[in-house]
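Q: Take this structure first; my questions come after.
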Amino acid sequence: MHTETAHVPRKESLKASIPLLKNYIGGKCVESHAEEHLSVTDPSIGQEITRVPLSGVRDVDDAVRSARAAFASWSTTPMKERVQVFFRYKMLLEKNASALGALVHEENGKIITEAMAEIEKAIEVTEFACSMPQLSAGEILEVSRGVECRLDRYPVGVVASITPFNFPNMVPNWTIPNALVLGNTIILKPSEQVPLSSMRIAELLKEAGLPDGVFNVVHGGQAAVEAICDHPDIQAITFVGSTKVAKLVYARATSHFKRALCLGGAKNHLIVLPDANEEMAASNIAASMCGCAGQRCMAASAMVAVGSVDHIIKRLCEEARKIIPGKNLGPVISKQAKERIERYITEAERDGAKILVDGRGATVHGNEGGYWVGPTVVDYVRPEMKIAHEEVFGPVLSIMRTKTVDEAIKIENANIYGNAASVFTQSGGAARYVIERASAGMIGVNIGVPVPREPFSFGGWNESKFGAGDITGKSSIEFFTKLKKTTTKWNPESKVNWMS
């Protein structure tokens, strides 16, 4: 696929304007102890925009000391006061939304509308955090004459958040507002591929009035993650990334008796029935497979066509061809990612699948150095093919065909992941049948990306999540707090029972 479009001007490297990054510890930027640095590349042009330190144990230890020192004061600040910081932070996110979206576009490559949607979600989760004083209030009950039981929530302490490349602003904000409003202090380890948004988040939090040391950023790769898992003064860890790494982080963190909630990969199945609305199904599926260049754990990556749905597949291909690299489709994150995605397509074709829309070899005039993969629809995929059951993480849809809904559900259930599943149908009964049997934590009916809105929480099943609870919404309250139960009796009573 060769694409030329006048809509994309040639981009120039920002290397000269963005210096070597530092960590953010104790309310200021500080030099890392790292001896190695990694190039951060704009994926739409394939050029370096900055360099990031590969921090290690000493840097994590510095951040933990800062967070521990800030915890005593922050955790005892009344929640009604803590939340005022996040009212201001929400306003700053809104005020700076365009610039924040442009930054996401620069370091991740996603198109501006997708980048802005990411900022909108960050605003929404921050707004939810502002309701914490009402949602996390304690409880009290007179359990016997003159005897009261009281329940209060306390922050767990210093926590850490390890975030991925595909949502540089949104995923950090899945954890930051809730964890901090609940009284914890935090260390963020962003993806070394997209470190710029995290630094801007730090600046806005400071501008909102967050005390120094409450929020810290440590850049790096594996060494930094391992140091976070091992540090005795970090009490809880959230992680978002691949299932392979999620398992490693969960095992290592919990071996040190930490709380851990690790979200992994996905292979989301969209079951399409013959009675589905053609236009709605085709447009939703195309948007789901290509949104964020398919680099999201909620992307449609496997379609199960039940019975005669060729008319929908034809319309889907028409919609996919309207999605053009460099115009309304961004690049994938790296050259390695592009090569890996194209290998999946080529291998499927070699094994007998039929390529209906081919996105291999895509280029964008003026930005030929970018990592472009066009929309790709692969039909007649068999469940045993790699492309059918492994996470491709690109704008690629595999179509498997079945005769019955039960056969489709069997394919979905055999999937090791469990983030999302959707069904496209006009039958309420058929929809309910799939909802009750799909093995996934988030279900859509005629929706290609069934991400819950706040206060409903985000989290999958099976090998898409390791740990209890979900990362956002009300479920996050349990993760970021611990319960203290107090029983009191002040007056002697003439009538007592076993409770008093």
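The values are calculated or read from the model by the stated rules, or taken from the named source; none is laboratory data. Quick caveat: nothing in here was measured; it's all calculated off a predicted structure. Every residue, glycine among them, receives a Cβ derived from its backbone with ideal geometry; neighbour counts consider all protein chains shown.
Q: Which ones in segment 361-384 are among the small types (Gly, Ala, Ser) and closer than 20 Å to GLU319 by Cβ?
A: Residues satisfying the conditions are ALA362, GLY374.
Q: Ok, one more. If I filter segment 334-355 for residues that are assigned to a loop (DSSP other than H, G, I, E, B), assigned by TED's automatic domain parsing to the domain that holds ALA293, at pLDDT 95 or above and among the aromatic types (Phe, Trp, Tyr), do I get at least one hit?
A: No; the residues of segment 334-355 include none that is assigned to a loop (DSSP other than H, G, I, E, B), assigned by TED's automatic domain parsing to the domain that holds ALA293, at pLDDT 95 or above and among the aromatic types (Phe, Trp, Tyr).
Q: Just for segment 298-327: of the residues that are surrounded by 15 or more Cβ atoms within 10 Å (Cβ to Cβ) and in a loop (DSSP other than H, G, I, E, B), which one is nearest to the chain's Cα centre (by Cα)?
A: Within segment 298-327, the match that is nearest to the chain's Cα centre (by Cα) is MET298.
Q: So, one more: Are there any pairs, at least 6 apart or on different chains, whose C-beta atoms fall under 9 Å, with the first in segment 274-299 and closer than 13 Å to THR376 by Cα and the second part of a helix (DSSP H, G or I) and of a type in the set (Val, Ile, Thr), and if so, which?
A: These pairs meet every condition: ILE285/ILE312; GLY294/ILE341.
Q: Another question, then. So, in segment 229-258, exactly how many residues are surrounded by 21 or more Cβ atoms within 10 Å (Cβ to Cβ) and within 19 Å of the chain's Cα centre (by Cα)?
A: Qualifying residue count for the region: 10.
Q: Search segment 149-192 for residues being among the small types (Gly, Ala, Ser) and over 25 Å from LYS80 (Cβ atoms), and hand back the single one that is farthest from the chain's Cα centre (by Cα).
A: ALA160
Q: Looking at segment 371-380, can you tell me whether even one residue there is out of contact with any strand residue (DSSP E or B) (no Cβ under 6 Å at 6 or more places or on another chain), assigned to a loop (DSSP other than H, G, I, E, B) and at negative phi?
A: There is at least one residue in segment 371-380 that is out of contact with any strand residue (DSSP E or B) (no Cβ under 6 Å at 6 or more places or on another chain), assigned to a loop (DSSP other than H, G, I, E, B) and at negative phi.
Q: Can you name the condition, by its number, that THR488 falls short on among (1) at pLDDT below 95; (2) not in a strand (DSSP E or B)?
A: Tallying (1) at pLDDT below 95; (2) not in a strand (DSSP E or B), THR488 fails exactly one: (2).
Q: Follow-up question, since we're still on this one. Report yes if some residue within segment 418-438 is touching a Lys or Arg at 6+ places or on another chain (Cβ under 9 Å) and among the aliphatic types (A, V, I, L, M); otherwise report no.
A: No - not one qualifying residue is present in segment 418-438.
Q: Here is a further query. Within segment 274-284, can one find any residue that is closer than 19 Å to PHE393 by Cα, in contact with a strand residue (DSSP E or B) (Cβ under 6 Å, 6 or more places away or on another chain) and either outside the structural domain of THR376 (by TED's automatic domain parsing) or part of a helix (DSSP H, G or I) (or both)?
A: No: zero hits.
Q: Write out, first by first residue and then by second, each pair whose Cβ atoms fall under 6 Å of each other, whose residues are 6+ apart or on separate chains, and whose first residue, in segment 466-479, is at negative phi while the second is surrounded by fewer than 21 Cβ atoms within 10 Å (Cβ to Cβ) and not β-branched (Val, Ile, Thr).
A: As it stands, the answer is ASP470/SER457; THR472/SER457; LYS474/PRO455; SER475/SER457; SER475/GLY469; ILE477/SER136; GLU478/GLY469; PHE479/GLY469, since those pairs meet every condition given.
Q: Would segment 478-488 turn up any residue that is farther than 30 Å from VAL147 by Cα, out of contact with any His (no Cβ under 6 Å at 6 or more places or on another chain) and buried (at least 18 other Cβ atoms within 10 Å of the Cβ)?
A: No, there is no match, as no residue in segment 478-488 is farther than 30 Å from VAL147 by Cα, out of contact with any His (no Cβ under 6 Å at 6 or more places or on another chain) and buried (at least 18 other Cβ atoms within 10 Å of the Cβ).
Quick grid of which residues meet (1) in contact with an Asp or Glu (Cβ under 6 Å, 6 or more places away or on another chain); (2) within 16 Å of ASN166 (Cβ to Cβ); (3) in contact (Cβ under 8 Å) with a residue 60 or more places away in the chain:
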| residue | (1), (2), (3) |
| --- | --- |
| GLU107 | no, yes, yes |
| PHE128 | yes, no, yes |
| PRO133 | no, no, no |
| GLY138 | yes, no, no |
| GLU148 | yes, no, yes |
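Q: Of the residues GLU384, GLU407, which single one is in a loop (DSSP other than H, G, I, E, B), of a type in the set (D, E, K, R) and surrounded by fewer than 24 Cβ atoms within 10 Å (Cβ to Cβ)?
A: Just one listed residue meets the conditions, GLU384.
Q: Based on what the data block shows, is PRO172 in contact with an Asp or Glu (Cβ under 9 Å, 6 or more places away or on another chain), closer than 23 Å to CYS297 by Cα and either crowded, with 21+ Cβ neighbours inside 10 Å or of a type in the set (Gly, Ala, Ser) (or both)?
A: No, not satisfied.
Q: Let me ask something else about it. Scan segment 454-474 for residues that are assigned by TED's automatic domain parsing to the domain that holds GLU127, assigned to a loop (DSSP other than H, G, I, E, B) and of a type in the set (Asp, Glu) and jot them down.
A: Matches in segment 454-474: ASP470 only.
Q: If you scan segment 411-453, which residues turn out to be in contact with a His (Cβ under 7 Å, 6 or more places away or on another chain) and in a loop (DSSP other than H, G, I, E, B)?
A: Once the filter is applied, which keeps residues that are in contact with a His (Cβ under 7 Å, 6 or more places away or on another chain) and in a loop (DSSP other than H, G, I, E, B), segment 411-453 yields only ASN415.
Q: Could you check how many residues of segment 120-176 are of a type in the set (S, T, N, Q), assigned to a strand (DSSP E or B) and within 22 Å of ALA208 (Cα to Cα)?
A: Summing the residues that are of a type in the set (S, T, N, Q), assigned to a strand (DSSP E or B) and within 22 Å of ALA208 (Cα to Cα) in segment 120-176 gives 1.
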